[in-house]
Each structure stands twice: as structure tokens, then as C-alpha cells.
Amino acid sequence: MASLSSRLADFLQSDVTAALDPSVLDTVRVAFLDTAGCILSGRQEPVTLQTATWLRRRYQAAPEATVLFAPEKHGVAAAGMLNAVAGHALDLDDVALAGHPSVVLVPALLAESDHRGLCGVDLVSAYVKGYEVWADILQRLPEPLHDKGWHPTAVLGTLAVAAALCAARGLSHGQIGNALGIAASRASGLVANFGSMTKPLHAGWAVEQGITAVELAELGITASADALDGPTGLLTALSTTQAPDRTRPCSHGSVLAIHSVRPSVKKYPVCYAAHRAIDGMLNLADANAITPESVERIDVQISVTNARVLKYAHPVTALEAKFSMPFACAAALVFGNVGLQQLTDDAVQHPWVQRLMPRVHVEPVTSACPLEPSFALHDRVCIALTDGRVLDSGPIRFALGHAQNPLSPERIRSKVLDCAGAYDADLAEQVINDLTARLQLDTPARSTC
């Protein structure tokens, strides 16, 4: 059997146009618009500003690509990295395939679009192909990457970016294999850094290293043919107690992962593992007029993996609070929302948030969602009140904004505008119109759009 790199190269050189039905086009359009909003919302975060300073010092290449929130231009890798860091800085970017695919694919492809005029069907196809390679590798792994300490956005995102750019640039079969092999040696990122400024750097590095892998392959740098599926390759390195699946067929373009597992849009700027519970808390609070004083105990059922990811029982900062179920539940009850205004250090230290967080108890359950294996089949929230009543959310299958419970187009647009801020409504409209034009399937490929 040919190596996995070779089989993925066959797919990346194939024509997937026939699979780009209206639902796929709509999915990709939403992914680009939602990610653009997240980039705009994170532009002034300290990690974004500090990364921009570092990139100016490191890269001296001629400016070729834009960032969405500033007039200056950067080299392709630097622009892609900076947009990715901004897009992931507030944890508001979309989720799928155990990670955040759009926050790496969209910045990389926007930089490619600026640099080489990638538009229309070529731009959509490149996103879909990168997404498919991410899905293919994920499905070969027997255990959740989070459980072993790997951040899928960093690890699989590096491969996905390399794959998308190989497709966009029309690399040869051999160059694609080399690019994927190089990317495999650069793929890294640790769950241990969740709740710190390093986490958004994971998305930035995935873009930077994915682009670098493609550029090195174009120059003739080689990689081992079995860098992905060999006995000492990436699949082996990412698997521990069980063997990875090296033999399952790769996609041939007719039935794609994006047809069945689409990105889900986030309503709250916290880890997606807490979103179902936040919905449950808000619904119970609205229906029963609960006050913080009336709550004795909050029990939340989530998966074992998500319980590990939400690792901060007693967060001190807003960055830690993004990965804290006690904060998510307490903030939902105290503030009536878990939005950007609630993700501040002052909100974490609010007296009632501090009082309620110890009353939140997480119960890991072992059921698995077939669409998102790191999630339980259902989450559940139960609130015990001081008057003896127990309020039960019942099983929560999908958070609002999930691909199976989507937000309306109007709410997607509103999110982009909200992310940009009222003072930059014109910028948000410009970004929306520009991306919509770039993604039209009848836009000439390699145009000047």
C-alpha cells in the first residue's frame, strides 16, 4: 500500500468541485466570516500586540499580505500567523474535529489570497481539502489527543494548513509528500498551556509552520515518505495504548468530512467544552428566576476528556476562566451571560462569582458523541436550591451555534459586527463584503479580488 502521504497527495491533487454543493459553500462562507469577526475581536489583546512586535523583528520579507485590523502589510507567513493569533486570542472561533480548524485555515488562505490572488472555487476547494486532511488524520488516531496533552489545533492544524496550501499552489505529488512530512515534524502544542497567552500562539504557529513546510518543499527540501504512517511516524507518536489506523481509505472527493461534520460557531468566548452547560444554566435561570443567593449546589455532567480540558477549578485570571466550568456556571447565573464583557479579571473576582464557584461540581460521564468523540452524548446541569427544589436541564445534545443547532445568518452577521466593535462598523462591513466576493464560486480563479 502507498504511504499515507502519497495517498493524501492523490486527494490534494484531485478535483473536488463536484462536492462543493450549496451547503458546503455556505459552511465555508460562514467559517470565513466568523473567523474574520474573531480576528477583529482579538486585535487589541496583549498576545496579539506582542506577537505583532515579535513578527516585525523577525521577518524582513517584502510585505505581501494584510492583517484584517491594520493598514500595514506583512510577509505571507507573518500575516497568516498574526491573524491566527488574533482569531484565537478570545476563544470565540469555531470548533470541529476536536479543535479549531477555521482559525488556522482561514488566516493561511487569506494570506495566500492576498499574495497570489486565490479566489473563488480555488479558495473554497483549498479550505475543504485542508479540512479533509485534518479529519482524515484525526480519524486514524485511537484516543483523543487532549487526553495525552496534545492540542489538536496546533498539531493537526499544521498539517491542515500545509495541505490547503499545497492544493492552492498546485504542488507536484512529490512536493506535497515532502510538505506533509516536514509539517509532521513541526506539529506541536500542549494542553498544559490552556489558560495562558501561549494557547493562541498555537494557532499562529500552526499557520506559520504549515506555510514554512510548503515553502521548504517548493525549494526541494525532502521528508521521509513514511513520516505520517511509518513505525516511527506521526501517527505512532500520537498514539499510546492502541495502534493507529494506517489502512483506512483516504477520501476521493465525492463524500467529504465537511458534509457530515461541519464547524460549529461559538456564542461564548470560553472553551467549547463549557458551552452546553452555559446554555443549560441560562435556560434554567431564565425559566425559574434563580438568584445567586438561592443556589446551594450546581452539578454538571460532561465527558471525561472535557473535564480534563476545563482544568481550572479556582481560576484567578480571565485567561484561566476560559477553561473553568465553575466560572462558566457562576458567570452565567451572576451576569446572565458569558460574553466578552464577562471575561475580565474583575468579573472572575466578583464576590458572587467567587462564592458560587466552589458550589459547582463536575461529574465526568463515559458516553461518547459519535460526531464529537471528546464530548459526552449529552451534557446535563442540575441546580439544587436552598428551598429544597432541584432544577434539571435534562440532556443537552447540542449547544446553540452547533452545526446541528445553527445560528441564523443574521446572528452570524451580528456576531461579526459585535466583534469589530461599534466604532469599527465600517471596517466590519468592508471585511464582510470583501470575503463574500472572494468566496463566490463564479469569481475567476487567481483574480485580483
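Every read-out reported here was derived from the displayed coordinates using simple, explicitly stated rules and does not represent laboratory data. Remember, predicted model here, so these are calculated numbers, not experimental data. Quick reminder, even Gly has a Cβ in these numbers, built from the backbone with ideal geometry, and neighbours come from all protein chains shown.
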Exercise for the section: List Met281, Met1, Met197 from most exposed to least, where exposure is judged by having the fewest other Cβ atoms within 10 Å. Expected result: Met1, Met197, Met281
Exercise for the section: Starting from the Cα gyration tensor of the range 238-280, take the square roots of the eigenvalues, sort them a ≥ b ≥ c, and report rounded, prolate or oblate (rounded when a/c is under 1.5, otherwise prolate if a/b is larger than b/c, else oblate). Expected result: oblate
Practice task
Any chance you could run the full-extension gain for Ser408 through Val316? It's 0.36 nm times the residue separation minus the Cα-Cα distance, nm to one decimal.
Solution key: 29.6 nm
Handout entry: Zero-based 5 Å bins, Cα pair distances in the range 168-261, whole percents
Key = 2, 12, 16, 17, 21, 20, 9, 2, 0
Problem - Relative contact order (%) - the range 272-392, alpha-carbon pairs under 8 angstrom, separation at least six - result: 38
Problem - Cross-link table Lys148/Lys199; Lys148/Lys267; Lys148/Lys266; Lys266/Lys322; Lys199/Lys311, entries beyond 22 Å C-alpha to C-alpha - result: Lys148/Lys267; Lys148/Lys266
Handout entry: For the chain, built as a Gaussian network whose Cα springs stay under 10 Å, the top-fluctuating residue of Pro409, Pro71, Pro200
Key = Pro71
Practice task
Any chance you could run the full-extension gain for Asp434 through Leu385? It's 0.36 nm times the residue separation minus the Cα-Cα distance, nm to one decimal.
Solution key: 12.6 nm
Problem - Order of Leu92, Leu40, Leu105 - criterion: other Cβ atoms within 10 Å of each residue's Cβ, fewest first - result: Leu40, Leu92, Leu105
Problem - Of every Cα-Cα pair in the chain, the percent that sits beyond 31 Å - result: 38
Exercise for the section: For Asp15 and Val365, compute 0.36 nm times the residue count separating them, minus their Cα-Cα distance, and round to one decimal in nm. Expected result: 121.8 nm
Exercise for the section: Run through the DSSP bridge list for the range 272-392 and note the antiparallel percent, rounded to the nearest 5. Expected result: 60
Handout entry: Label-to-label distance, nm, for residues given as Ala2 and Ala243 (7 Å Cα→Cβ offset)
Key = 2.3
Practice task
Write down the percent of antiparallel bridges among all DSSP beta bridges whose residues are both part of the chain, to the nearest 5.
Solution key: 75
Handout entry: Dipole axis of the chain (+1 Lys, Arg; -1 Asp, Glu on Cβ), positive-most option in Ala31, Leu156, Leu123
Key = Leu156
Practice task
Starting with the fewest neighbours, write out Trp54, Trp134, Trp352 ranked by other beta-carbon atoms found within 10 Å of each beta-carbon.
Solution key: Trp54, Trp352, Trp134
Fill in the blank from the handout: One would report the Cα pair-distance distribution of the range 272-392, bin width 5 Å, in %, as 2, 13, 24, 24, 20, 12, 5, 1
Problem - Whole-number D in µm²/s for the range 239-331 (Stokes-Einstein; Kirkwood sum over Cα pairs; 37 °C, 0.692 mPa s) - result: 200
Exercise for the section: At a Cα cut-off below 15 Å, give the aspartates and glutamates reachable from Lys73, other chains included and same-chain residues fewer than 8 away excluded. Expected result: Glu64, Glu112, Asp114
